[in-house]
Structures are given as C-alpha cells and as structure tokens.
Amino acid sequence: MKIFSKIKIICILSLLLFLYVTVCAFSYAKAISTDLSQNVFRLHVIANSDSTEDQNLKYKVRDNIIKYMNSISLDCSNKEEAIKVAYEHIDDFKQIAVDTIKNEGFDYDVTVNIGNFKFPTKTYGDISFPAGFYDALKIEIGSAKGQNWWCVMFPPLCFVDVSSGIVPEESKQELQNNLSEEEFALISDNKNPDIQFKFKLLELFANNDILTAKK
C-alpha cells in the first residue's frame, strides 16, 4: 500500500508539474505572439495562379505596391500610423495593382483588404517571423489561387533582393526599436539553442491554432 501511495503521489506531482510547465509555455508564447502582432504590419500578395506568367505578374504588383507604401509612410513611427496611412490610401493600392496588371497585358481584377490574417512561419533574409496572426495589407490578384508572397511593411523589411540572405542593418535597427529585446532576439538569433527552442514553441502553439492572437 505504501508503494502504491508513493507511486500515486509521484504521478500526481508529475501531472501537476506538466500542467504548470504547459501553462507557463502557453503564457510565454501568447505574450510574445501578441506583442509581435501588435508591432508588425505585413504585406500579403496572392497570385492568380502558379503559372510562370502569373507569378512574374505578382512580383511586378509587389514591387509597385512596396515602392508606393515606402513613399507614403516615411514619417510613420509605429504600426498604428502605418495602418492609418494604408487605410487612407487603400484605393490607391488597388489602382496601382490594376494599372500594373493592365500594363503587363492582363485583365485580372484585384481585391485589396486590410485586416488580421493568419501567417505561416516566414524568413526574410536572416530574420524569421513565427507563424501567427498579424495585421496585414492583403492583395489578391484574379482568382488568387497561386502562391503567396509575404513581407513586413512596418517596420520596413520589404526588400526585393533576398538572395544575399541578409536584412539591411538600417531595417534591423528600426525593427529592434519597435520590439522588446526578447522579441528581437527571437526573430533574429537563429544560432542560440534557447532562442531556437522558444521559436519552435511559438510555432507549435500557432500551427495548432492554440494561440488566439487574432482580433
């Protein structure tokens, strides 16, 4: 009986420890996911299809949208200001996309929305953002059945050439200015085992729809 009682106590304590660790992990992941979502404004462009022509068209639209957003958001110091500017110019975004499509010889319609959308884990050069819900400008071209393209509009990480695998230092600095030390380390330090574990923890909760950062 004594052995049975000891085993029972050990099982109960183990269960309580597991629950405690799980709650702590969830609380951490939710806090980080929410903070990242509150400080980042992203761009999401979806091509009409996966054909080479439609994918190339997607990049043309992307480039012109980024160029315009950069020109109207130079004075934005936080995400809220960037979103406000985007809302004020949402019709311009659509017109730019429509004009780009027509200039390339296509006649696809365009849908433009600003909202809170689910994103997968995405790497921009040497910066990685975990999966989760983020505020974003979404541009859907035609049937919007092609591959997606993502970037970060604020802080501005929308650079076209990612072949070097390095985000410009000025972009990193602005990103660091808008995030906590822990958050910046989480998305930029992919060599630290502790940071890697935390990143995977965030992915685990987000990919299984356990986090509820969505507005």
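The values are calculated or read from the model by the stated rules, or taken from the named source; none is laboratory data. Since the structure is predicted, the reported quantities are computational estimates derived from the model, not experimental observations. In this analysis, Cβ positions are derived from the backbone assuming ideal geometry, glycine residues included, and neighbour counts consider all displayed protein chains.
Summary of computed values
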{"read-out": "Selection status of residue 64, under 19 Å from residue 154 (Cβ atoms), part of a helix (DSSP H, G or I) and out of contact with any Phe, Trp or Tyr (no Cβ under 6 Å at 6 or more places or on another chain)", "value": "yes"}
{"read-out": "Selection status of residue 181, surrounded by fewer than 16 Cβ atoms within 10 Å (Cβ to Cβ), modelled with pLDDT of 75 or more and of a type outside the set (Gly, Ala, Ser)", "value": "yes"}
{"read-out": "Check on residue 133, modelled with pLDDT under 80 and touching a helix residue (DSSP H, G or I) at 6+ places or on another chain (Cβ under 9 Å)", "value": "no"}
{"read-out": "Qualifying residue in region 28-51 (condition: assigned to a helix (DSSP H, G or I), β-branched (Val, Ile, Thr) and at pLDDT below 85)", "value": "yes"}
{"read-out": "Criterion (surrounded by fewer than 16 Cβ atoms within 10 Å (Cβ to Cβ), at pLDDT 80 or above, out of contact with any Gly (no Cβ under 8 Å at 6 or more places or on another chain) and of a type in the set (Ser, Thr, Tyr)) met by exactly one of 143, 163", "value": "143"}
{"read-out": "Unmet requirement for residue 77, which otherwise passes all of (1) in a loop (DSSP other than H, G, I, E, B); (2) over 23 Å from residue 172 (Cβ atoms)", "value": "(2)"}
{"read-out": "Scan of region 33-69 for residues that are under 19 Å from the mean Cα position of the chain (by Cα) and small (Gly, Ala, Ser), ordered by number", "value": "33, 37, 47"}
{"read-out": "Residues that are of a type in the set (Ser, Thr, Tyr) and closer than 15 Å to residue 140 by Cα, drawn from region 101-126", "value": "108, 111"}
{"read-out": "Checklist (1) among the β-branched types (Val, Ile, Thr); (2) closer than 12 Å to residue 43 by Cα; (3) modelled with pLDDT of 85 or more; (4) assigned to a strand (DSSP E or B) applied to residue 152, failing item", "value": "(3)"}
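For every residue, the table says whether it meets (1) surrounded by fewer than 15 Cβ atoms within 10 Å (Cβ to Cβ); (2) touching a residue at least 60 places away in the same chain (Cβ under 8 Å); (3) more than 10 Å from the chain's Cα centre (by Cα).
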residue	(1), (2), (3)
99	yes, no, yes
110	no, no, yes
113	yes, no, yes
121	no, yes, no
126	no, yes, yes
131	no, yes, no
137	no, yes, yes
